[in-house]
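The values are calculated or read from the model by the stated rules, or taken from the named source; none is laboratory data. This is a predicted model, so every value here is computed, not measured. Cβ sites come from the backbone with ideal geometry, for glycine too, and all protein chains shown count toward neighbours. When the accessible area is computed, the model is the full protein with side chains, heavy atoms only, and any ligands, DNA or RNA have been set aside. Shrake-Rupley method; radii C 1.70, N 1.55, O 1.52, S 1.80 Å.
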Amino acid sequence: MRANGWALLAATLVMATSAAFADTAKTWSKVARPSPGPGAAIGSAAAGCVAGAVQLPLQGTGWQVLRPQRNRFWGHPATVGFVERLGSAAAAEKLGTILIGDMGQPRGGPMSSGHASHQNGLDVDIWFRLPSRPLSPTEVAAPTETAVVTKAGLDRARWTPAHARLVELTARSPEVDRLFVNPPIKADLCRTAGRDRAWLAKVRPWWGHEEHFHVRLACPLGSDECTPQRPVPDGDGCGAELQSWLTKPTLPSPPDKPNYRNPTLPAACGEVLRQGGVMKASAKGR
Ligand SMILES: [Zn+2]
């Protein structure tokens with residue numbers, strides 16, 4: 001009994017420490033491989049991680065991964081499946097090659113630079129640049145951006161029906177919870193969409209995002225510890241909310257600077273990080 005009592009106390013202490021789990025973005029960014037097992041998004045986009053992430057192949061039908069040297073091409077299997085389907089749809093409609101920016105780290109978690117989100121394997125950035133042929137390895141490593149919004153608003157020389165169609169295809173994808181675009185883009189989509197416009201609800205105005213849009217998937221089935229987002233508001237979002245955005249300065253994007261946020265993550269993320277001995281490896285390095 002007594003031994004059991006100690007074991008129980010020890011277990012309680014372990015739980016108490018792991019419940020307050022937080023680790024530095026630097027640690028998460030150092031992990032080179034995903035954790036084993038089935039895919040599971042854990043926590044939220046801004047405080048979470050992903051178990052059993054899979055890699056988006058560097059190139060496929062209709063898409064290409066940018067800056068592979070960053071090792072941010074990992075995600076929940078649902079995210080990879082979404083990109084593959086969107087790439088095929090874009091190729092079928094000859095929209096151009098979709099360029100995939102950051103997804104997540106091999107085990108998600110906070111990143112050492114840039115995004116506050118992209119942590120639970122469900123976020124993906126898609127560039128507005130739609131080249132007619134895949135980029136060369138040099139260009140992929142250091143790609144140039146195409147901004148479709150300037151301080152003066154939507155750049156009509158650069159914004160094309162292919163962009164509008166790509167955003168619509170994304171918003172119509174059932175696994176997508178929402179996507180973020182610079183407000184003048186949403187305004188133009190509101191203007192050009194026809195009567196079948198329920199998909200516009202998922203297109204959310206946000207700061208920056210003048211050269212890419214950010215897609216966020218809904219919590220997939222089987223990800224019991226995934227924190228869902230609040231539902232998007234009813235309606236197409238083309239009214240007062242959009243107008244309020246159009247009066248704010250929404251450019252430029254925040255720079256890709258070092259990230260010192262260390263959000264408190266769900267306890268399960270401690271397990272995800274430690275699987276496969278990554279913590280041992282970082283301790284050895286001290
Ligand atoms: Zn993003």
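Some notes on this structure:
- Portion, in percent, of the accessible area of segment 116-205 that falls on carbon or sulfur, probe 1.4 Å: 53 percent
- Of all DSSP-defined beta bridges confined to the chain, some 75% are antiparallel rather than parallel.
- Rounded to whole Å, the principal axis extents of the Cα atoms in the chain read 74, 43, 33, largest first.
- Test item: Cα-centred dipole of the chain, Lys/Arg +1 and Asp/Glu -1 on Cβ, debye: 620 debye
- Relative contact order (percent, whole number), the chain, Cα cutoff 8 Å, 6+ residue spacing: 24 percent
- Entry note, the chain: the mean residue ellipticity at 222 nm calculated from DSSP H runs of n ≥ 4, each adding -39500 (n - 2.57), is -9000 deg cm²/dmol after division by the residues and rounding to the nearest 500.
- Taken about its Cα centre, segment 164-276 carries a charge dipole of roughly 220 debye when the Cβ of each Lys and Arg holds +1 and the Cβ of each Asp and Glu holds -1.
- Dipole magnitude (debye, nearest 20) for segment 29-134, charges at Cβ of Lys, Arg, Asp, Glu: 300 debye
- Charge-dipole axis of the chain as Lys and Arg at +1 and Asp and Glu at -1 on Cβ define it, positive-most pick from Ala32, Gly108, Trp245: Ala32
- Accessible area expressed per residue, the chain, with surrounding protein chains retained (probe 1.4 Å, Å²): 50 Å²
- Principal axis box of segment 129-215, alpha-carbon based, largest edge first, Å: 42, 33, 22
- Once C-alpha pairs closer than 8 Å and six or more residues apart are averaged by separation and normalised to the residue number of segment 189-268, the relative contact order reads 43 percent.
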